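Notes follow once the structure below has been shown.
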Amino acid sequence: MILCFFVPNFFAPNASAISATAHQQDTTLKTTIESTASESAWLALVHYRPRVFGGYQSSIDSDTFFLAENGKTDPFAELRATVNLFNNPAGENEKKCLFPARYLFLKQRGLIQADFPVCTEYEQFRKDLNPAGVTLIYTDAYMNNPSSLFGHTLMRIDIPEGKTQLVSHGMNYGAYVDEKTAGLLYAVYGLTGGYWGGFTVKPYYQIINMYNNMENRDIWEYSLNFTSAERDFFVAHLWEAGHTQTRYYFFTKNCSYLLMEVMDAVRPSLKLSDDFPVQTIPLDTVKAVNKRPTFVKKANYRPSRQRRIAYRYDQMTSSERRALIAYLQEDDTARLEALSESSRAAVLDTAYEYIQYQWIKQDIPLKEYRQKSFEVLRARRNINQASSEVIVPGENPINAHDSMRTSFSFGSNRGQIFEEIGWRAAYHALVENPYGLLRGAEINFLDTVIRYTPQTQQLHLQDLTLVKISSMAPYNALFHPISYQIDTGILRKWDAKKNKEGTVYRLSGGSGLTFNPLNNLYVYGLIHTRAEYGGGFYRHPFGLSLGMTGGLIYYLPKTQIQTEIARNFSDNRLMNTLEYKAKTIHSLSNEWALGLSYRFENQKYHSDNTLKATVYRYF
């Protein structure tokens, strides 16, 4: 007999209960996503920045970086799309492999449960980088490249200790420049976002060779205090960002700004990018990183090859210097043989490094390089004395004055008292404290002065320097740089014959030589030309002059002094002038300085004297 029992299924799921549970889970997930989407960590990870009139917009411009259609401007939509991608078992693994940092972020917050897919290329990338540390790299200004006038920053992914960091990898963000866009077009593209920018990774020894040896730029390395988990997250985010491009702007979204956003993505509490809402100067970003408590573990200085040679040369006695020059330029060994053994060793070591310098600069052909190198090494082998390590002292650029500046001046011109306020966007003038900066170099950008004359109750723009670039690198027996100066802007001029003032646009440029007869004294001479447009203020709208400039700069520890004389020849009487200038600035600190200046100009119908005292505030 078969007995059939009907047992009520009290434990069978109720359809309405399932629906309610699912709805509750969806509501909970949505609420979690909404709260997470507003977290600083998510905003930093996708490079969202607040917009002026509310909302957010990512700094990344590549469509492939966003999973939601409106992901560039909607953090919630982008987060929801990312969660859906990783929670979908049938999701595209190729797309998932592009976002390892997002996966780590979501997994940590419990928004996804699935495992990260097997991503061969990404795993090989991690294996190649082998992250054991992260270092911020700063290279000083390179006066032969407009895009590097303010210096450059990049990052290094360190390998474990016990191996040379030369075989580690460097990460650089830069513009993809078309060689066809040179000159003025290059500047226009760089200022208006005409170039795309992106991340590249290359061996660190290639970076050293380019910046340290070929371009002769000093390098400072700042080891960052990232945890092991943060280092892994850094590499994961670098993989994500490395597949993207952004519009590149010289003064805002440049090589340094995107690095700040990358570090913020790894540690959102840093908020480094918040420090640069208007402009991003590489040195300012290095200072910002160093100001974060305990974030920088140590700093290391790598002087350029030219700096090392120059330092060796400065430490030599006069007889050692004469022997070095005779050996390099005339193959004369008589002076060398007259030296002591230790002096001969020092001279030959310097000669060998100088020959390498010449070869890298392509000043000598390969055959001559090999021949001279062999001769030096053969002579050096006969001296039984080890080469001494040369430690070149460096001035840490984080202790340099800040780039932006305001000023207040009080002075007299043509017997009238005036007051001035000024503002400069960037960066450094010849007569300012050069500590931590490139001595003899000047980059002034948007230097603006507004003058008020109480006697006439007139307020006007006195001077607007759009850009002024000066390079006064000393010329000597070993190095032969050409000094140059470029200056363009708007200035106020006085016409004594008509008894009125007018505004003039000026473009000037010159080149010449600078000498360094004493340790802190620079003496320079330039041949220059000026073009001016005065509109109705001039008899003819345009004027042109040719002239000569001579001057000196004397650097004291806290005080700098500059004097200059210029003679301009022109058929325009307002441009046919003799000018004398003297200026000194005394640094009270990195934030404050006092200045005193005098200017005399002699024209056909009058002489103009201006004396003023200035207080400078750097920030």
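Could you say which residue among 227, 246 is more than 30 Å from residue 395 (Cα to Cα), out of contact with any Leu (no Cβ under 6 Å at 6 or more places or on another chain) and not charged (D, E, K, R)? Give the steps one after another, and end with the answer.
On the way: 227 fails: more than 30 Å from residue 395 (Cα to Cα).
Step by step, each of 227, 246 is checked, and only 246 is more than 30 Å from residue 395 (Cα to Cα), out of contact with any Leu (no Cβ under 6 Å at 6 or more places or on another chain) and not charged (D, E, K, R).
Please verify whether segment 343-357 includes one or more residues that are free of Cβ contacts under 8 Å to residues at least 12 places away in the same chain, more than 20 Å from residue 480 (Cα to Cα) and open to solvent by 40 Å² or more (accessible area, probe 1.4 Å).
No.
Consider segment 127-158. How many of its residues are in contact with a Phe, Trp or Tyr (Cβ under 8 Å, 6 or more places away or on another chain) and surrounded by fewer than 18 Cβ atoms within 10 Å (Cβ to Cβ)?
Adding up the residues that qualify gives 1.
Does residue 158 count as modelled with pLDDT of 95 or more, more than 16 Å from the chain's Cα centre (by Cα), more than 30 Å from residue 467 (Cβ to Cβ) and among the acidic types (Asp, Glu)?
It is true that residue 158 is modelled with pLDDT of 95 or more, more than 16 Å from the chain's Cα centre (by Cα), more than 30 Å from residue 467 (Cβ to Cβ) and among the acidic types (Asp, Glu).
Exactly one condition in (1) surrounded by 15 or more Cβ atoms within 10 Å (Cβ to Cβ); (2) modelled with pLDDT of 95 or more is not met by residue 613; state its number.
It fails just one condition, (1).
Among (1) open to solvent by 30 Å² or more (accessible area, probe 1.4 Å); (2) farther than 27 Å from residue 547 by Cβ; (3) assigned to a loop (DSSP other than H, G, I, E, B), which single condition is residue 410 missing?
(3)
List the helices (runs of 4 or more DSSP H) that sit entirely inside segment 205-323 and contain at least 2 residues that are touching a His at 6+ places or on another chain (Cβ under 9 Å) and either modelled with pLDDT under 95 or not hydroxyl-bearing (Ser, Thr, Tyr) (or both). Please lay out each step first, then the result.
Details: elements: 228-241, 255-266, 282-291, 305-315.
Output list reads 255-266.
Could we say that residue 403 is closer than 30 Å to residue 283 by Cα, at pLDDT below 95 and assigned to a loop (DSSP other than H, G, I, E, B) here? Let's see the steps before the verdict.
Values: closer than 30 Å to residue 283 by Cα: yes; at pLDDT below 95: yes; assigned to a loop (DSSP other than H, G, I, E, B): yes.
Yes, satisfied.
Checking residue 122 against (1) open to solvent by less than 20 Å² (accessible area, probe 1.4 Å); (2) outside any helix (DSSP H, G or I); (3) among the hydroxyl-bearing types (Ser, Thr, Tyr): exactly one of these is not met. Which one?
Going through the list (1) open to solvent by less than 20 Å² (accessible area, probe 1.4 Å); (2) outside any helix (DSSP H, G or I); (3) among the hydroxyl-bearing types (Ser, Thr, Tyr), residue 122 breaks only (2).
Counting only residues that are open to solvent by less than 60 Å² (accessible area, probe 1.4 Å) and at pLDDT below 95, which one in segment 517-540 is nearest to residue 442 (Cα to Cα)?
520
I'm trying to understand the selection: among the residues of segment 544-587, which are closer than 24 Å to residue 506 by Cα, part of a loop (DSSP other than H, G, I, E, B) and open to solvent by 40 Å² or more (accessible area, probe 1.4 Å)?
571, 573, 576 - these are the residues of segment 544-587 that are closer than 24 Å to residue 506 by Cα, part of a loop (DSSP other than H, G, I, E, B) and open to solvent by 40 Å² or more (accessible area, probe 1.4 Å).
Can you find, within segment 170-189, the residue that is modelled with the highest pLDDT among those that are open to solvent by 40 Å² or more (accessible area, probe 1.4 Å) and not in a helix (DSSP H, G or I)?
Only one residue tops the list, namely 176.
Pick from segment 443-469 the residues that are among the hydrophobic types (A, V, I, L, M, F, W, C) and open to solvent by less than 30 Å² (accessible area, probe 1.4 Å): which of them is nearest to residue 412 (Cα to Cα)?
449
The values are calculated or read from the model by the stated rules, or taken from the named source; none is laboratory data. Just so you know, these numbers come straight off a predicted model, no measurement behind them. Methodologically, a virtual Cβ is constructed for each residue, glycine included, from the backbone with ideal geometry; neighbour enumeration extends over all protein chains shown. What goes into the accessible areas is simple: the full protein's heavy atoms, side chains included, and nothing from ligands, DNA or RNA. Shrake-Rupley method; radii C 1.70, N 1.55, O 1.52, S 1.80 Å.
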